[in-house]
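S.K.: Quick one: the structure is below, and I'll ask about it shortly.
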């Protein structure tokens with residue numbers, strides 16, 4: 001079957017790879033333009049472009065997919081399936097309708113929960129115990145098409161967004177292959193989404209990264225793992241930004257009158273920080289600007305923190 005694949009980040013790579021491995025004819029790969037990245041602002045190719053180049057596939061990188069000039073290009077591709085995995089732009093109806101069999105999307109949640117740009121991150125931020133992937137028929141309304149197949153997984157309460165995304169990317173690739181096979185054979189009955197159950201997962205911003213220690217330890221823990229790897233939660237001490245990569249929940253109780261953000265002491269590899277509601281968070285891995293990641297304990301030792309005297313802050317807006 002002739003497939004046009006649209007995707008951009010690492011999350012989409014397993015889906016493209018499984019289409020190649022399963023013998024589908026990938027006639028074109030469409031991805032976002034190369035963007036400046038890093039301190040030098042050098043142009044960096046999207047992960048999907050790198051994968052496509054490694055397999056010698058035709059690549060198309062339009063700045064705006066909805067422009068009328070692209071209509072003829074997609075018409076000439078004569079796709080049986082259009083497959084979309086985290087592409088990053090809203091697709092026009094004429095593009096979706098150019099697929100002879102179907103336009104199919106792989107989404108990182110169990111729809112209709114978490115429609116939108118960042119379903120995996122919001123799963124972690126909200127502390128959900130389960131997640132999954134859904135394949136659906138695409139319509140012009142965002143993530144609103146009929147559901148084809150879905151698979152659910154449990155979510156470990158210490159897993160990061162990056163780790164869950166890797167897990168769901170592999171699961172989504174396998175589900176995509178099954179979906180296309182069953183669509184070709186006519187053995188899937190699309191299921192209309194229940195609009196009453198819709199929730200949203202809007203884009204993540206850098207402004208969400210600053211920690212407010214007045215929140216409970218569990219909320220801060222979910223913020224830290226939810227914003228790993230980007231934009232990475234942080235706190236401040238003496239105007240120095242401290243990024244926090246890993247944390248853990250503990251049964252240790254804080255002081256009722258202790259200010260949130262106060263350093264309480266060491267653990268084997270971390271440091272204990274007072275949070276709201278007399279809860280305590282174990283900070284396990286941190287990083288200061290321009291330096292390597294180190295354990296929370298190593299940071300506390302190096303900074304010579306004293307229990308009940310050292311305080312992190314100010315409170316963040318998230």
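S.K.: Calculate how large, on average over all directions, the projected area of the Cα convex hull of segment 19-127 is; give the answer in nm² to one decimal.
M.R.: The Cα convex hull of segment 19-127, projected and averaged over all directions, gives 9.1 nm².
S.K.: Which Rg and Dmax, in Å, describe the Cα atoms of segment 6-51?
M.R.: 12.2, 40
S.K.: Pairing the Cα long axis of helix 217-226 with the longest principal axis of the chain, what angle in degrees results, from 0 to 90 and rounded to the nearest 10?
M.R.: 40
S.K.: Sequence gap at least 6, Cα distance under 8 Å: using those rules, report the relative contact order of segment 1-140 to the nearest whole percent. Each step should come with its number before you reach the end.
M.R.: Numbers: 247 pairs, mean separation 33.8, N = 140.
Dividing the mean separation by the residue count of segment 1-140 yields 24 percent.
S.K.: Using square roots of five times the C-alpha gyration tensor eigenvalues, list the equivalent-ellipsoid semi-axes of segment 110-194 in whole Å, biggest first.
M.R.: 24, 15, 10
S.K.: Continuing with the same structure: Once every DSSP H run of n ≥ 4 in the chain is given -39500 (n - 2.57) and the sum is divided by its residues, what mean residue ellipticity at 222 nm do you get, rounded to the nearest 500 deg cm²/dmol? Write down the numbers at each step before the final one.
M.R.: Details: 8 runs with 79 residues, N = 318.
Only helices count here, giving -7500 deg cm²/dmol.
S.K.: Take each of the peptides 184-193, 94-103, 52-61, average the number of other beta-carbon atoms within 10 Å over its residues, and list them starting from the highest. Write out the running numbers ahead of the final one.
M.R.: Numbers: 184-193: 12.3, 94-103: 18.6, 52-61: 14.1.
Ranked by mean Cβ neighbours within 10 Å, highest first: 94-103, 52-61, 184-193.
S.K.: What angle do you read, to the nearest 10 degrees and between 0 and 90, between the alpha-carbon axis of helix 161-185 and the longest principal axis of the chain?
M.R.: Here the helix axis deviates by roughly 20 degrees.
S.K.: Could you give the radius of gyration (one decimal) and Dmax (whole number) of the Cα atoms in segment 206-302, in Å?
M.R.: Values for segment 206-302 (Cα only, Rg and Dmax): 12.1, 36 Å.
S.K.: In whole Å, what is the distance between the alpha-carbon centres of segment 153-221 and segment 10-67?
M.R.: About 21 Å separates the Cα centre of segment 153-221 from the one of segment 10-67.
S.K.: Mind grabbing the base-10 log of I(q)/I(0) for segment 2-197 at q = 0.14, 0.16 Å⁻¹? Debye formula, identical points on the C-alpha positions, no solvent, two decimal places.
M.R.: The calculated log intensity ratios at q = 0.14, 0.16 Å⁻¹ are -0.79, -1.04.
S.K.: Grab every C-alpha pair in segment 135-257, bin the distances at 10 angstrom width from 0 up to the longest one, and report whole percents.
M.R.: The calculated distribution, bin by bin, is 10, 29, 28, 19, 10, 3, 0.
S.K.: Here is a further query. Calculate how many DSSP beta bridges within segment 2-197 are antiparallel, expressed in % of all such bridges and rounded to the nearest 5.
M.R.: For segment 2-197, the DSSP antiparallel bridge percentage is about 50.
S.K.: Another question, then. So for segment 1-46: antiparallel DSSP bridges make up what percent, rounded to the nearest 5?
M.R.: Details: 3 of 8 bridges.
Counting DSSP beta bridges with both partners in segment 1-46, the antiparallel share is about 40 percent.
S.K.: Among 206, 292, 259, which comes first, second and so on when ranked by fewest other beta-carbon atoms within 10 Å?
M.R.: Starting with the residue having the fewest Cβ neighbours, the order is 292, 206, 259.
Here, each number is a calculation from the coordinates, and none is a lab measurement. Note that the structure is a prediction, hence the values are computed from the model and not measured. Here Cβ is always computed from backbone atoms with ideal geometry, including for glycine, and neighbour counts include all displayed protein chains.
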